Structure formats: C-alpha cells, structure tokens
Amino acid sequence: MFNPVDSKTNFPKLEESILGLWKSQNVFQRSVEARKEGPRFVFFEGPPFANGSPGIHHVLARAFKDIIVRYKVMKGFYVPRIAGWDTHGLPIELEMEKQLGFSGKNQIEKYGIEEFNKRCRENVFSYVKEWDSLTERIAYWVDLEHAYKTMDNTYIESVWWALKKMWDKGFIYQGYRVTPHCPRCGTSLSSHEVALGYKDDTEDPSVYIKFRVVKGLPDRLAKEEPVFLLAWTTTPWTLPGNTALAVAPEAKYAVVEVDGEYIILADALREPAGLGEYKVAARVKGSELVGVQYEPLYTQIDIRYSQGDKPAYRVIEGDFVSMDEGTGIVHIAPAYGEIDFAVGEKEGLPLVHAVELDGTVTTNLVTGFTPRALEYIQKSEVPVMFGPARRKIDLPGAGKFVKDADKDILNDLKSRGLLLRSETIKHTYPFCWRCESPLLYYAKETWHIKTTAVKERLLSGNEEINWYPEHIKYGRFGDWLENNVDWALSRERYWGTPLPVWRCQSCGAFECIGGMDDLKKKKGFSGFKEPLDLHRPFVDELTFNCSKCKGEMRRVPEVIDCWFDAGAMPFAQFHYPFQNETLLEDGRFPADYICEAIDQTRGWFYSLHAISTLLFDRPCYKNVICLGLILDAKGEKMSKRKGNVVWPWEVINQYGADPLRWYLFTATSPGNQRQFDAKQVQEVSRRFLATLWNVYSFFITYANIDRFTPGKGAKIAPSELDRWIISELNQLIADVDGGLDGYNPTEAGRKIEAFVDDLSNWYVRRSRRRFWKSESDADKLAAYTTLYECLVALTKLLAPFTPFLAEVLYQNLVVAAFPDAPDSVHLADFPVADKAKIDKKLSADTRLAMKVCSLGRAARSQAGIKVRQPLAHLVVSLAGSGERKVLERLKPQILEELNVKELKFVDSEAELAKPGYEVVSEGGHSVAISKEIPPELVAEGVAREIVRRLQTMRRSAGFDIADHIVTYYQGDDYIKRVMADFADYIKQETLSRELAEGVPEEDAFTERHNLSGHDISLGVKRLA
C-alpha cells in the first residue's frame, strides 16, 4: 500500500517537510560522498556579497547552477561544491560609509582606517543568515559550512602569490594613465567595473565652442575678420584642460561666414551644427588645417612650452575624428580621455588638470607633461618654457562638482562670445557600479596588469570554452577580449586585499612580495604583530630594508580591485600553493562548469579567464551558462527606487520553490532577457506541476483500492497504448539526458512538460476504464505497471529540476515499496533510456491520432457542442496514403476520445464542405462533425451530464472514490426515460447500487440542475 495523497497539494508546506527529511538524513553530504570514487566534475561557485538581501536574480543563477550539478551527481560524478563570499571592496565600504553618515574619503581617514576596516569586517556578513536560509529553501546544495572568504589571511596570501607571479613575468606596472575614476569613492575603476555601470538616456550638454585662430592659416583663408575653429563637446568641464584640436586630414572643411566672422567646421556637418544656411566662403582639406594655432579659451592657463613649430593650442590630425556627429573638429584634453591622453603623448602635448580628484573644479591648477611627452620634448631639443607645476587660478564654477560647473563654464564662454550653440543630448554614460556617481576619465598614477600582453592567448583560450548561448563566445565576451585594455588593478581605498608592493623611501625601488614567509625573510623586517591581519593599516606597518640602498621599504597605500579577489577563487580558496600543491594536477582545475548572469562577461567570467591565462596559460573553465538579465513583468529594470523589486521569499512562501525553479528553467532559454511575473509561476504550477500531481494522485488512489504492489505478479502483456507511452518515456529519458548534458535545461524541461501532458491527457484518460473496472485482470495490471514505471522515471528525471516534488513522489512510490532502494531520489542514478523500447512508428501513428482528436475538439468548440454530447460520426480527410490504416487501427481510442459513434474517411477536403457540418483543417488534415444531433444521442448526452453532476456531488459530499452510493432523482418524463434507458451506464460510472426515483432521505447530499431544458433534482447517499 502507498501512503494516501490528496488530489490537491500545497507546495510550500510539502517542501518544508522535505527540508526536514534531507537535514535529518544528511542527504546532501551523502550524495557527494557516495560518488567519491566516480569521475570528478568541477564546479566553481562565484562569490556574492552578503551585506545585502538576495534578490530574484540570485535565485535564477542558483537554480541554473544547481540543476547541472545535481544531474552530474545522478550520472555518477563526484561533485564537491563549496560556497564563497566576496568580502572586500566598494560594496562593503559604501554600505559602511552610509551607516556612519560619511560622504567621502576625508571623513574615513579622520575616523581612522583601523576602526573603519573593523566596522567593514563586522558588516560583511550582516545578511548571511538570510542568504543561507534562501539557499537552503530553494534546494541549492552547496557547502555553506566551509565557505571560502576573500578576506581570510590564507586567501589574501594566495592572491599575493598570484600578483608576485605576474610581477615576475613583467605583467604588473605603475603608470601615469587615464583611468575611469569615481569622484565620490575617490578611486580608479577597471574597465570591467565601468561596463557594469553604463546608463542609457543620460542627459548632458551638447555645445559648440569657438576657438579663435591666431596663426598658421593658409594664405587663401586669411581674413581681416576673426576666424574661429568650431569644436563640439558634451563635457564642458573638460574645456579648461584643452591643449589641442584634431581634424580628419582627408575630410573637407568649410569656412562659413557668420555675422561678420568666419567659422571653420566639417562641410558635411554644417547642417547639424545649425550653419547650413550660411554662406561658404571657402573649402579646405583637413590636412591644410594641421598646424594652425589658436588662442586658449583661458589665457591664464596658456602653457605654450615652445617657440618652435609644435606648440600647444594647435590643430593636429586624428584618425579618430568622426563625421557622424559634432563638427569634425575634436577638442583634445589629454588629462580627461583615453584617446586624448594617447594623442597627447604622441604629440608632446602638456597636461592641464583643472579638476580635483573629488570631481570639483580646482582653484589650484596642475600643469605638466606625461613621461612620454616630456621625453618627446627633450629629444626634440625644444626649450621647455613651462614644466610641471601647481598654481592658483580662478576658473568659472570653481569649487563645484564638474557636472554642476558646466553651467558656469558655458555662461562664461557665452559672455565672451565663444559659445555658438548650446543644447542637451541623451546618450550612454558610465556611472560608478556601486555608488552611481558619474565617472570621470582622469589622468593619474595607477597600477595596472598588462592584460594586453596576453590578448592573443585570451582569444585562443576562449576558443576552448563552450558558451551557452553560443553567440556570447564571439559576441559580448569575444568583443570584450578583442578590445582588451590593461587591467586597472589598484584602488585608492581601505577595505581590500592590500597591493603587495613595497617602495623604498630613499631610492624609490619597488619590490613585490608573494607571501608572509617572503616578507619575514627580508632583512630588517619589522612591524609584525600577532594576531596576523593582512589588511590595512596593520600591513602598512610591516617594513624591511631595501636590497639596493638599505633604505626603508614601506608598502604602497593602494589595495586591489575586488574583482581580482573573485577571479582568484579557483586557487585562493585552497590557499594554493602554500597548501594543496597538487591542485592543478589532481583534477580540481579548471572548472567543468560555471554559471552567472550576462553582466559577468565583463566581471567574474573575465577576471577568471584573465588571471588563469596570466598565471597558468590556460582557460579557467570549460562550459558556461550565461544568463540573461531579469526584468519586472513590464520589462523594466528592477530597482528599490521604482518599487518593482521582486523579493524571492514572497514568491516562495506563496507558490513554493519548485514552481519558481520550474518557471525559471522553462519560461525562456537561459541566455534570453526575461520578464519576471509571479502570476506565471502560479500558471506553471497549475499547468504542469498540478497536472503531474493529479496523475500521481490518481495512480495512488486506484493502486491502493486494487492493492497494486509494484514488482510483483506475473509478467505483463502491455497494450499498444502501454507500449506507446513506454516508447515516449524512453525517448524522453534520452532527450532529457542529452539536454542536460548539453547544458540546455530549458529544452529538457519542456520535453518533460510535453510528456506529462501526453501522460495525463492521452494515456491516463484513454486508460481510465482499465483502472476503474471491477475485475483485476492482466490488462489492469499492465496499466498499473506502466503508469508506475512512468511515474518512477519522472521522479528521477525531475530530481535536478524540482528536487522537492521529485523527493515526495520518490519516497511514496519507491522507498515505501522497496526498502533496499536508495533512501532519497538524490542518491539514485539518473534513468538510462532503453532504446529497444523506442518505437518511432508507433509514436508517429499515435501523434496522428492525437492530431485528429485535437482537430475534432476544435470542430466541437467552433460548433458549440460539448465533448460530453455524443455525435454520430467524425469525417476525416488525410494527407498521406498510409494514414487511413493507422487511424483504422487506432479507431477505438479516437472514438472514445471524441465521443463519436463512427469514423468515416473521404478522399478530399472538398467533400467535407456540406451544409450542417463544422470543418477544421491543419497541415493537410481535415475533420468534420455534423451539427445535427439525433434525439437518441441528445438523450445519451443528458445521461453523461447527469453522470458528471453526480461525480461532482460525490466529491462535494466528501465520499471516497471507492464508496458505493444510492442515487435519488426527480424530474419530468424525459428525465425519467433517460434514467431508465441509461441506468446501467449511470450506475457503473457513479458506483450507484440503486437509482431511486423520489424524494431523497434526509441525510442525502442534494442539488438541483437544469439539463437541456429539463429540471432535475439529484441526491446521493453513501452506503454503509
């Protein structure tokens, strides 16, 4: 006997009970250990931050991680998986600043780095209990007890080892370069961090600025009136930093006469600049403008360093000048743009820093040259008239944040007649990925990893990785690698892995340290205190003697990008190479599988790939599922500000984790952007999980009535219907196995969904009478055995998808019946398809019958005739010559399914076009039903309606399925005749021992109905 089950279930309650079972029986740990002798499957868990609540996107990622590793375990693989936590960086620091009421670095340093970092450490795991609870509740099985933490000394030491290896290979350097800089956080950011913070439709100024020519125009362009070069910019705050203008040498430029002065711009861009209607006085190639000198916008910043032929404030040529927008003349500010900086180095242009690191317009101007620019000047033997210096200056908007100062700068230029036109533009702009401040591209000294040195190996390594979806390989990720820039490694912050570089205070020599033993061996080592903490400020106190001059070596102040921490997890979690020295050889590297959202192509996916390539010259992972972003039901990005964030607990508490998981797997392919709608979770629960539960409940109910015992009894003789569903089952097993092996859970899940629909709406419905009949013959045994086999296989197929439901079914169907079986479905093996039982012809034949029935139901629906109303015949026109024989063989199933008395065939669809017929066609197949129903069939239809009402009344009265009853009825002569003519049918279908005409007994359950215009009173009473 199986444990009885209700026809309806509450998934959240059911899942809570299973959590207790798993915990008490230690199923997760046992599932890992049971496969220890099997082949290893390596999975890397990316570390999230635990200082905020997990969101629905975390459930999405964890579901797709879990399904693959569960599947691999059931396939016999040894899959240990360890959780991890990202504990450093801006996400932690900014949260602590918020709690302390700080708005910048000055307040942190006044508060004290030691105390600030202490608070950061305490805050790191403020939400870890919520994370752990959600992880357990969604059945994401990962070792939380031994989770790695990026702030641990052992982890930091492994990161130091990695950086020392890169240092020794010449991959780490300090350089004066333009890097993305967050003025709020006061630190550089890496290109992959920048990629996480772009915002579309950012509004900025769109302004056209006039630069007055002072020298160098071709004679034919010389005018007595003022001549201006017209440049366009969306960042007015960079204009004080201008030291050159760039033109396209091959492009055509126009000299336009405007209100008594002349303006030069690209001929093709006169119209967008608003000068299309003005007279063109001359045209000239861009190359003829090269060398033209102009007056600085701010004469107090004039830093012409040469009296020679290449001063600042001149026109240069640039292959980057576009004719798509602007004026064809690009304003160059080497301090504030990557291209500008590169051009400045090439052309020997000076730098003008008119903005402080906090993003405010300065009152202390910094001017000078990059090392390459200075080298250029010296080699050219050009007398340097102005070197690096800082001086007081009064600029428009001084003291204001640059975006706020734009207005002051433009008002000043307008007052001096240098602003031709001012508009606004909406474009894409980078913001800090953590604090959402607008980023500035800012020239300063930073530490970098020379990833460009291994660009070709990064690209060739990508060839070895399988991406799902495949287009990511050469699209988003491949493009990122193709346009690789050196990794901005250092951060001018506090709570992070300290950059392990020490600098001599006397001679300026640098030395990189690869671990604490290296450090302790240094001559003059001092400052060490127990307990060891490798964070600031303690690590800053560790000093030693310079090997070159005996001076004091002190650590540089920077910490490193927390994305480097995350990308080092494959080895740092194991304290490699200080421990686990065989990590690279014993099968724990590289990963067979990783999974995160698409934004990680520029985040964790990249950092893993780059670090592995730099250190080991090999890819870090073999297979990646890259998930699309998850939006709200309207397709909008979720945010707390909008109030459209979906909290996982609300969905789980209402619908359950399995319905949520199933929805995430099957709603759309993993790589697609998805719109999350909780109502759809309810819908998949109703459409699929409830359907499966109904089949399971149906089986348990009737199997218990007939005392069916699986695995016992004579060898069965399956019917054609049985053979068909077993064929479909084995094909399903092969398909799901292939889908999961190919990292396509969506397709695999949809195959299961389609099978369950066939199982419920064809096999079970076509087999109901086999289960209902009173005699326990071989046919009934075959039906039970077949349905049992299907359900048991489904529990195992579903285990990676819906682990709770699979366990519930398995415990009742298998564990209760077979004490020697594994005591959890998650300890069982994945099913293996028996290909000998796959009958493709039988499958095709049955599909044809199902299609004809589908068309027949559609014809009934169009005609407004219920399926319970019998019809005289169904007329069919077929596409293939052999199809008639197929339908003749399957005729009993078709007639019963469509409730028709006869199946007829015609040679063409045209023969179906008769008055009184309803015709439906699809793909060369057509069916027709007659809308004229003879009286005897109308009466049979009424009898079927009576049966349906009585069955509903049985349920409403709380009767068991096997209870026998007395049925009472009252009605007119027509009703009495129907009850008499169809008495046997009504008794059999409703388990009525007697059909009693007259008033029901007092304790009977009664209802009144009107059937086809006839009133009827019905009563049911359970027999003792």
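The values are calculated or read from the model by the stated rules, or taken from the named source; none is laboratory data. Being a predicted model, the structure only gives us computed values, none of them experimental. For neighbour counting, all protein chains shown are included, and Cβ atoms are generated from backbone atoms with ideal geometry for every residue, glycine included.
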Problem set entry | So Lys679, is it charged (D, E, K, R) and either under 17 Å from Pro54 (Cα atoms) or not assigned by TED's automatic domain parsing to the domain that holds Arg765 (or both) | no
Exercise. Being outside any loop (DSSP other than H, G, I, E, B), over 27 Å from Pro183 (Cβ atoms) and modelled with pLDDT of 80 or more, is that true of even one residue in the range 353-367?
Worked result: no
Exercise. Across the range 568-619, what is the number of residues that are more than 21 Å from Asp86 (Cα to Cα) and aromatic (Phe, Trp, Tyr)?
Worked result: 2
Seminar exercise, completed: Taking the range 891-916 and the residues there that are without any contact (Cβ under 8 Å) to a residue 60 or more places away in the chain and touching a helix residue (DSSP H, G or I) at 6+ places or on another chain (Cβ under 6 Å), the one that is farthest from Glu720 (Cα to Cα) would be Phe905
Seminar exercise, completed: Only one of Arg723, Arg661, Arg674 is closer than 30 Å to Arg889 by Cβ and surrounded by 14 or more Cβ atoms within 10 Å (Cβ to Cβ), namely Arg723
Exercise. Restricting to the range 286-300, what's the tally of residues that are of a type in the set (Val, Ile, Thr) and under 49 Å from the mean Cα position of the chain (by Cα)?
Worked result: 0
Exercise. Filtering the range 642-652 down to residues that are among the β-branched types (Val, Ile, Thr) and out of contact with any Lys or Arg (no Cβ under 8 Å at 6 or more places or on another chain), which residue is surrounded by the most Cβ atoms within 10 Å (Cβ to Cβ)?
Worked result: Val651
For this session: Look at the range 323-357 and say how many of its residues are touching a residue at least 40 places away in the same chain (Cβ under 8 Å) and over 21 Å from Ile301 (Cα atoms).
Result: 7
Exercise. Inside the range 213-234, can you point out the residues that are in a helix (DSSP H, G or I) and exposed (fewer than 12 other Cβ atoms within 10 Å of the Cβ)?
Worked result: Asp219, Arg220
Problem set entry | Checking Arg769 against (1) part of a helix (DSSP H, G or I); (2) more than 44 Å from the chain's Cα centre (by Cα); (3) closer than 27 Å to Glu807 by Cβ, the condition it does not meet | (3)
For this session: Give just the number: which of (1) assigned to a loop (DSSP other than H, G, I, E, B); (2) modelled with pLDDT of 95 or more does Cys185 not satisfy?
Result: (2)
Exercise. Among the residues of the range 126-135, is there at least one that is farther than 15 Å from Gly496 by Cα and more than 26 Å from the chain's Cα centre (by Cα)?
Worked result: no
Exercise. Would it be correct to say that Ser727 is among the polar types (S, T, N, Q), at pLDDT 95 or above, farther than 30 Å from Asn466 by Cα and part of a helix (DSSP H, G or I)?
Worked result: yes
Exercise. Which of the residues spanning the range 966-1018 are part of a helix (DSSP H, G or I) and among the aromatic types (Phe, Trp, Tyr)?
Worked result: Tyr974, Tyr985
Problem set entry | Check on Ala63, within 30 Å of Pro498 (Cβ to Cβ) and outside the structural domain of Glu807 (by TED's automatic domain parsing) | no
Exercise. Being crowded, with 19+ Cβ neighbours inside 10 Å, touching a His at 6+ places or on another chain (Cβ under 9 Å), of a type in the set (Asp, Glu) and not in a loop (DSSP other than H, G, I, E, B), is that true of even one residue in the range 835-851?
Worked result: no
For this session: Name the residue, out of Ile865, Ile961, that is under 52 Å from the mean Cα position of the chain (by Cα), within 30 Å of Ala703 (Cα to Cα) and in contact (Cβ under 8 Å) with a residue 60 or more places away in the chain.
Result: Ile961
For this session: Run Val999 past the list (1) in contact with a Lys or Arg (Cβ under 8 Å, 6 or more places away or on another chain); (2) more than 22 Å from Asn899 (Cβ to Cβ); (3) surrounded by fewer than 18 Cβ atoms within 10 Å (Cβ to Cβ) and report the number of the one that doesn't hold.
Result: (1)
Problem set entry | Count - residues of the range 7-34 that are farther than 16 Å from Asp66 by Cβ and either among the charged types (D, E, K, R) or not in a loop (DSSP other than H, G, I, E, B) (or both) | 13
For this session: Go through Arg503, Arg554 for me and flag whichever is out of contact with any helix residue (DSSP H, G or I) (no Cβ under 9 Å at 6 or more places or on another chain) and outside any loop (DSSP other than H, G, I, E, B).
Result: Arg503
Seminar exercise, completed: Within the range 598-641, of all residues that are assigned to a strand (DSSP E or B) and surrounded by fewer than 20 Cβ atoms within 10 Å (Cβ to Cβ), the one modelled with the lowest pLDDT is Leu631
For this session: Mind counting the residues in the range 636-689 that are more than 28 Å from Thr9 (Cβ to Cβ) and of a type in the set (Val, Ile, Thr)?
Result: 1
For this session: Could you grab the pairs with beta carbons closer than 6 Å, sequence gap of 6+ or different chains, first residue in the range 710-730 and closer than 14 Å to Lys841 by Cβ, second one of a type in the set (Val, Ile, Thr) and buried (at least 17 other Cβ atoms within 10 Å of the Cβ)?
Result: Trp724/Thr846; Ser727/Ile838
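Conditions tested, residue by residue: (1) out of contact with any Pro (no Cβ under 6 Å at 6 or more places or on another chain); (2) modelled with pLDDT of 95 or more.
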| position | (1), (2) |
| --- | --- |
| Ala231 | yes, yes |
| Val256 | yes, yes |
| Gly276 | yes, no |
| Gly286 | no, yes |
| Glu345 | yes, no |
Exercise. For the range 243-265, does any single residue satisfy the condition of being closer than 28 Å to Glu347 by Cα, touching a Lys or Arg at 6+ places or on another chain (Cβ under 9 Å) and among the aromatic types (Phe, Trp, Tyr)?
Worked result: yes
For this session: Could you grab me the full set of residues in the range 882-919 that are part of a strand (DSSP E or B) and either among the polar types (S, T, N, Q) or under 19 Å from Pro870 (Cβ atoms) (or both)?
Result: Val900, Lys901, Glu902, Leu903, Lys904, Tyr917, Glu918
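Let's see how each residue does on (1) farther than 30 Å from Val942 by Cβ; (2) hydrophobic (A, V, I, L, M, F, W, C); (3) assigned to a helix (DSSP H, G or I); (4) under 35 Å from the mean Cα position of the chain (by Cα):
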position: Ala793; (1), (2), (3), (4): yes, yes, yes, yes
position: Leu813; (1), (2), (3), (4): yes, yes, yes, no
position: Asp820; (1), (2), (3), (4): yes, no, no, no
position: Ala859; (1), (2), (3), (4): no, yes, yes, no
position: Ala872; (1), (2), (3), (4): no, yes, no, no
position: Ala879; (1), (2), (3), (4): yes, yes, no, no
For this session: Scan Thr668, Thr601, Thr691 and give me the residue that is under 13 Å from the mean Cα position of the chain (by Cα) and under 30 Å from Val764 (Cβ atoms).
Result: Thr668
Exercise. Does Tyr262 qualify as being aromatic (Phe, Trp, Tyr) and either touching a Leu at 6+ places or on another chain (Cβ under 7 Å) or in a strand (DSSP E or B) (or both)?
Worked result: yes
